[in-house]
């Protein structure tokens, strides 16, 4: 009798596992997810979408907004191009501010810092980099410096790069320049070069607000005693609010220059001025979001136990790379070709994240970080996860198995040591997880002021 080799048996097992995995997800999505769970409907036909002309029904109200994108000379060429085909493509009014005046793809990039106190520009070490840009432009940055800055790690005090240290000085001048750029806008939406905006949802959300009131809207963050809107997720200010802020800042310019010099986070500095001007923050998480879909913990309680991220509509993401922006834009376009409903976080899970799961993803980091165990193989790592009742996913690198009680998709692993990382998920547990999340939703749509809810 012929006996199968161990390699042949293992290969057959992998094929069977992959087939079961695929069939399970198809069955689960078909039986457990229905678009009718989503509450707001529009008169949009299935073949209408975001590609081609900007569909008026999906972009109603965008003429009332000035989109303000903040960037820097070291990143602008790499990160701005994608915005001209995504975020800004259907926005009739936008302004881009940087630390260097220039044109990119025919679009004028304004200098955010050209009216900062000349004494500060001439003497403060934060402006060493700015003075270099004024003298030599981007040619003053070596390729080695650009590479080093691009991979600089985030710390508790931000990224250790000259562009980051300069960035905090842009926020308040940009606020004033934005008001001057379009003084009659109802709304000002401040975003960053790695933000991604879901316009149909954002515009519907803003329709629930009275633009004649002083609104300051964003993902809530806190440094010291200052609670402020996180810049990466997008900061929304009504015209009334922005006028109050600019007036107060201009009346106390020396005080806030000193405050900026001693701080490190520009969005917190702006938040301090907003609070001092008497404008309160609407805590907007999870309608605005501070990370990208692939890194999301869909069971996050960041906004408090009564805020179920899963249930709410999503209007923005952050830390979205140009390739991911293209990928998600195609997904969003496809959604509106086939659906007359706004995207919620759970829709992103079912239709964008779930189809990317595999029985095993090689060279992939799914951010499993709860526990570490010794394991020799991927199979043994999976066994360790399955033995823990609350384990949803796992990864292995070398002989270290990491397991997690939360679910994330993750991203390609960056092998610094030459060892590959492989990731996997436990599909039947994620199915139960998704059912539990669906059952937690109680008609949550938008974060709005109580008087306007």
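Some values worked out for this structure:
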quantity: Qualifying residues in the range 89-105 (those that are in contact with a helix residue (DSSP H, G or I) (Cβ under 9 Å, 6 or more places away or on another chain) and assigned to a loop (DSSP other than H, G, I, E, B)) - the one nearest to residue 174 (Cα to Cα); calculated: 99
quantity: Hits in the range 426-452 (condition: in contact with a helix residue (DSSP H, G or I) (Cβ under 6 Å, 6 or more places away or on another chain), farther than 30 Å from residue 387 by Cβ and crowded, with 18+ Cβ neighbours inside 10 Å); calculated: 444, 446
quantity: Residue within the range 352-371 that is within 27 Å of residue 193 (Cα to Cα), part of a helix (DSSP H, G or I) and touching a helix residue (DSSP H, G or I) at 6+ places or on another chain (Cβ under 6 Å) present; calculated: yes
quantity: For residue 291: the one exception among (1) under 16 Å from the mean Cα position of the chain (by Cα); (2) in the same structural domain as residue 159 (by TED's automatic domain parsing); (3) surrounded by fewer than 23 Cβ atoms within 10 Å (Cβ to Cβ); calculated: (2)
quantity: From the options 242, 237, 270, residue that is outside any helix (DSSP H, G or I), under 22 Å from residue 71 (Cβ atoms) and assigned by TED's automatic domain parsing to the domain that holds residue 113; calculated: 237
quantity: Of all residues in the range 216-234 being within 15 Å of residue 447 (Cα to Cα) and assigned to a loop (DSSP other than H, G, I, E, B), the one that is farthest from the chain's Cα centre (by Cα); calculated: 219
quantity: Of residues in the range 273-288 being within 12 Å of residue 216 (Cα to Cα) and in a loop (DSSP other than H, G, I, E, B), the one nearest to the chain's Cα centre (by Cα); calculated: 284
quantity: Tally of residues being more than 17 Å from residue 433 (Cα to Cα), surrounded by fewer than 17 Cβ atoms within 10 Å (Cβ to Cβ) and in contact (Cβ under 8 Å) with a residue 24 or more places away in the chain across the range 374-409; calculated: 3
quantity: Selection status of residue 298, within 22 Å of residue 216 (Cβ to Cβ) and surrounded by 18 or more Cβ atoms within 10 Å (Cβ to Cβ); calculated: no
quantity: Cβ pairs under 6 Å, 6+ apart, first in the range 424-453 and within 28 Å of residue 396 (Cα to Cα), second part of a helix (DSSP H, G or I); calculated: 424/382; 427/21; 427/24; 431/28; 437/310
quantity: Residue match in the range 204-215 (condition: part of a strand (DSSP E or B) and within 28 Å of residue 261 (Cβ to Cβ)); calculated: no
quantity: Cross-chain or 6+ apart pairs with Cβ under 9 Å, the range 101-118 first and more than 14 Å from residue 131 (Cα to Cα), then loosely packed, with under 13 Cβ neighbours inside 10 Å; calculated: 102/108; 109/103
quantity: Subset tally (residues that are within 26 Å of residue 221 (Cβ to Cβ) and assigned to a loop (DSSP other than H, G, I, E, B)) for the range 301-349; calculated: 17
quantity: Yes/no for residue 93 being touching a residue at least 12 places away in the same chain (Cβ under 8 Å) and within 21 Å of residue 139 (Cβ to Cβ); calculated: no
quantity: Residues being more than 30 Å from the chain's Cα centre (by Cα) and under 22 Å from residue 68 (Cα atoms) - total across the range 107-135; calculated: 1
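The values are calculated or read from the model by the stated rules, or taken from the named source; none is laboratory data. Quick caveat, the model's predicted, so the values are computed rather than measured. Note: ideal-geometry Cβ built from the backbone for every residue, glycine included; neighbour counts use all protein chains shown.
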